[in-house]
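Handing you this structure, nothing more for now.
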Amino acid sequence: MKKRTLRRCMAEEISDDQLRRIAGSLQTDPDPEGVPTYNEKGEEVD
Amino acid sequence: MSAVLILTEPRDFHAFAVAEVLERWGVEPVLWFGADFPVRQSASVWTQGPDFHLEIRGPELDLRDRRFHAVWNRRPAAPALPDDLHPADREPAVRDCQHFVWSLWHLVAPSAVWVNPLAPIHTAILKPLQLRWAGEIGLEIPPSLCSNDPQRIREFLRAHRGETIYKSFYQGSWKTEEGMAAVFTRLIEEPDLPEDDMIQVSPGIFQARIPKDHELRVTFLGDVPVAARIRSPEEPRAAVDWRRASSGLAVEPAELPPDVARKCRTLMERLGICFAAFDLIVTPDGRHVFLEVNPMGQFLFIEHRCPEIPILDRFCRFLLDRAGLAPAAGTRTVRLEEVRQAAEERMRAATKAHTATASPHSDETLTTHSERERR
């Protein structure tokens with residue numbers, strides 16, 4: 001089994017959506033209205 | 001018509017908001033989506049006698065011997081290569097693409113004013129260097145250890161038992177077998193450490209935890225600081241790293257003591273940058289402790305949470321002023337809320353027309369074209 005680095009031990013699993021919300025909140029808004037959300041297939045979803 | 005080139009990527013709301021303001025002020029914004037190269041963009045440079053020519057073409061981009069007054073070095077994106085490359089060809093192709101793109105950045109607008117300049121960025125982002133220079137300049141810094149030495153790290157953790165924070169050098173997220181992983185600044189104790197050989201391959205930053213009354217995000221536009229107080233201790237999720245809860249944070253206008261501002265300017269001068277976002281802790285007894293400086297820091301969240309700080313307008317004026325340009329006399333202050341809808345429309349169009357970078361919350365990593373397309 002492959003070993004995990006210190007960085008990986010200190011990291012946390014995060015969903016694409018959580019990631020996008022955090023990134024969006026640093027831009028201006030956690031979930032800007034009108035900006036499309038994509039699923040894992042790249043399809044636009046509500 | 002005056003023109004400003006913006007190096008960016010399709011999810012970079014800042015680029016679209018600034019572009020919208022510039023256009024309203026009669027300045028042409030040209031957005032260069034770096035991850036479109038090489039699949040959607042082609043570029044050439046050639047000599048013709050004593051003359052040197054450059055051409056970059058792609059969706060919504062036609063740079064042929066264009067002249068720019070300013071370049072906003074906002075999010076210079078790495079090339080994105082297609083999936084169907086032979087695996088053995090990938091690494092050399094990456095190197096060729098990177099070499100060429102880095103050359104293009106240097107060649108595209110050599111006479112323009114760059115915010116920030118290209119060359120100093122590579123050193124300005126280095127956190128151990130920031131800490132050393134900040135300390136030399138007289139900014140207070142936390143007791144810090146940057147290391148991959150297991151013994152030194154364990155000694156540091158014991159010396160600051162229960163009160164040590166861990167930061168990675170590179171704050172971005174990355175793809176794992178389970179999904180995505182992200183590393184935030186967080187408390188660390190000895191039981192958190194992996195085996196020594198895995199500490200050794202993963203250097204990091206360890207700092208004594210500094211008590212906070214509040215934090216400051218100070219965006220320097222040239223010599224001018226725009227200080228925002230972030231009441232992170234009031235939000236449990238934000239107590240160690242306010243980025244985790246930035247949507248729920250209270251942000252207020254603040255003042256930076258002149259002596260601290262002068263030292264920040266000195267650090268910027270030494271790093272060779274004219275735009276910078278400083279993160280500082282203000283302790284309960286009023287000391288200002290330097291954490292880090294980001295030469296490409298985000299700033300619109302400040303105005304979003306505190307409309308009293310019209311930082312979008314101030315940034316745009318700063319950008320033009322550096323290039324010897326200005327909006328027409330008497331142009332009133334533009335507010336983020338006025339341009340938000342138009343900027344979001346620009347961003348929506350860009351996410352369809354251009355190649356995304358690897359992650360909306362990363363510095364730059366090189367992933368494949370189709371991986372980006374899936375996101």
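Give a quick list of GluC sites (Glu not before Pro) in the range B:112-202 that DSSP marks as loop, anything other than H, G, I, E or B, with at most 16 other Cβ atoms within 10 Å.
For GluC sites (Glu not before Pro) across the range B:112-202 that sit outside H, G, I, E and B with at most 16 neighbouring Cβ atoms in 10 Å, the list reads B:GLU163, B:GLU177, B:GLU178, B:GLU189, B:GLU195.
Compute the acute angle (0 to 90°) between the alpha-carbon long axis of helix B:311-322 and the principal axis of greatest extent of the alpha-carbon atoms of chain B; round to the nearest 10°.
60 degrees
Stretched out fully, how many nm does the piece from B:ASP259 to B:GLU140 gain, at 0.36 nm a residue minus the Cα gap?
Stretched out fully, the B:ASP259 to B:GLU140 stretch lengthens by 41.7 nm.
Using amide H atoms built in the peptide plane, which far-off residues or other-chain residues are under 5 Å from B:PHE278 H to H?
The answer is B:VAL218, B:THR219, B:PHE220, B:ASN294.
Helix B:258-271 against the longest principal axis of chain B: what's the angle in degrees, Cα atoms only, rounded to the nearest 10?
60 degrees
Same structure, new question: Averaging sequence separations of C-alpha pairs under 8 Å and six or more residues apart, then dividing by the length of chain B, give the relative contact order as a whole percent.
Relative contact order comes out at 22 percent.
Another question about this same structure. Greater than 30 Å separation of Cα atoms is the criterion. Which listed pairs, A:LYS2/B:LYS167; A:LYS2/B:LYS212; A:LYS2/B:LYS352; B:LYS127/B:LYS175; A:LYS3/B:LYS167; A:LYS3/B:LYS127, meet it?
A:LYS2/B:LYS212; A:LYS2/B:LYS352
Pop out the ³J(HN,Hα) list for the range A:2-15 in order, Karplus 6.51 cos²θ - 1.76 cosθ + 1.60 with θ = phi - 60°, rounded to Hz; leave Gly and Pro as x.
6, 7, 9, 6, 4, 4, 5, 5, 8, 8, 10, 5, 8, 7
Next up: Would you mind computing, in nm to one decimal, how far apart the modelled labels at B:ARG57 and B:LEU118 are, each placed 7 Å from Cα along Cα→Cβ?
Roughly 2.2 nm, to one decimal.
Shifting gears a bit: So which aspartates and glutamates pass the test for B:LYS263, namely a Cα distance under 15 Å, with those fewer than 8 places away in the same chain ruled out?
Those aspartates and glutamates meeting the cut-off are B:GLU136, B:GLU140, B:ASP223, B:GLU255, B:ASP279, B:GLU292.
For the residues B:THR219, B:THR351, B:THR333, what sequence is obtained by ranking on other C-beta atoms within 10 Å, fewest first?
B:THR333, B:THR351, B:THR219
Something else about it: Diagonalise the Cα gyration tensor of the protein assembly as shown and give the resulting equivalent ellipsoid semi-axes, square root of 5 times each eigenvalue, largest first, whole Å.
Semi-axes, largest first: 33, 28, 22 Å.
When only Cα pairs under 8 Å and 6 or more residues apart are kept, what is the percent relative contact order across the range B:53-154?
Reported as a whole number, the value is 26 percent.
For chain B, take N as its residue count and report Rg(C-alpha) divided by 2.2 N^0.38 Å.
Cα-based Rg divided by the globular estimate yields 1.03.
All of the numbers you see were taken from the coordinates with simple rules; none came from a lab. Quick caveat: nothing in here was measured; it's all calculated off a predicted structure. Ideal geometry is used to build each Cβ from the backbone, glycine not excepted, and the neighbour counts take in all protein chains shown.
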